[in-house]
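Visitor: Have a look at this one before I ask anything.
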Amino acid sequence: MDTRRTDRAERLIAAPAERLFACWTDLAQLVRWLPPKGMSGLVEVFDPHPGGPFRIVLTHDDPAERGKSGGASDVVAGQFVAVDPPRHLAFVSRFSSDDPAFQGDMRMDWHFEPVGNATRVRIVATNVPPGISAVDHAAGMGSSLAQLAAIVE
């Protein structure tokens, strides 16, 4: 039985879509907001254009927390499949993990839709590995959106 699923999150953020999209391409900003609360990020490779690769290491602040890639880290690598500023960004990623529950390609689409003076940011994650609980994924995406809002609002 296939246990892959689609997870979603969204938030209305009081900032223009151009500003929010720029937070994806400014690496100093990206590592401030993308890692969920309780984690830090290190960008090792990042080329945001269709076909461009990326590799990001997310590390739990608490070394006792177990990461998907061993130790306290989640190593995520993949490539961008759509980059359409300031409306849409999509990438396919995979965790570096020996655990089959975390393997496979997951696609994440980020949509930036202007709503008056704000922007509705929607995340759609498809083919989510079964090792990522829906509750944890929702919390992580919600945390990233809250941190993004805190930077720009």
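The values are calculated or read from the model by the stated rules, or taken from the named source; none is laboratory data. Not measured: the values here are computed from a predicted model. Positions of Cβ are backbone-derived with ideal geometry, glycine not excepted, and every protein chain shown enters the neighbour counts.
Visitor: Can you tell which of F102, F112, F46 is surrounded by 15 or more Cβ atoms within 10 Å (Cβ to Cβ), over 25 Å from L20 (Cα atoms) and more than 12 Å from the chain's Cα centre (by Cα)?
Guide: Numbers: F112 fails: over 25 Å from L20 (Cα atoms); F46 fails: over 25 Å from L20 (Cα atoms).
Of the residues listed, the single one that is surrounded by 15 or more Cβ atoms within 10 Å (Cβ to Cβ), over 25 Å from L20 (Cα atoms) and more than 12 Å from the chain's Cα centre (by Cα) is F102.
Visitor: When segment 55-86 is examined, which residues are found to be over 13 Å from S96 (Cβ atoms), surrounded by 15 or more Cβ atoms within 10 Å (Cβ to Cβ) and at pLDDT 95 or above?
Guide: Correct list: Q79, F80, V81, V83, P86.
Visitor: Restricting attention to segment 10-28, does a residue exist that is modelled with pLDDT under 95, surrounded by 17 or more Cβ atoms within 10 Å (Cβ to Cβ), assigned to a strand (DSSP E or B) and not charged (D, E, K, R)?
Guide: No, the conditions are met nowhere in segment 10-28.
Visitor: Going by what's in this entry, would G70 be described as not in a strand (DSSP E or B) and not basic (K, R)? Even if it seems obvious, please write down each step before you answer.
Guide: Numbers: not in a strand (DSSP E or B): yes; not basic (K, R): yes.
It is true that G70 is not in a strand (DSSP E or B) and not basic (K, R).
Visitor: List every residue pair whose Cβ atoms sit under 6 Å apart, with the two residues 6 or more apart in sequence or on different chains, where the first one lies in segment 66-80 and is touching a residue at least 40 places away in the same chain (Cβ under 8 Å) and the second, anywhere, is among the polar types (S, T, N, Q) and surrounded by fewer than 20 Cβ atoms within 10 Å (Cβ to Cβ).
Guide: K68/S97
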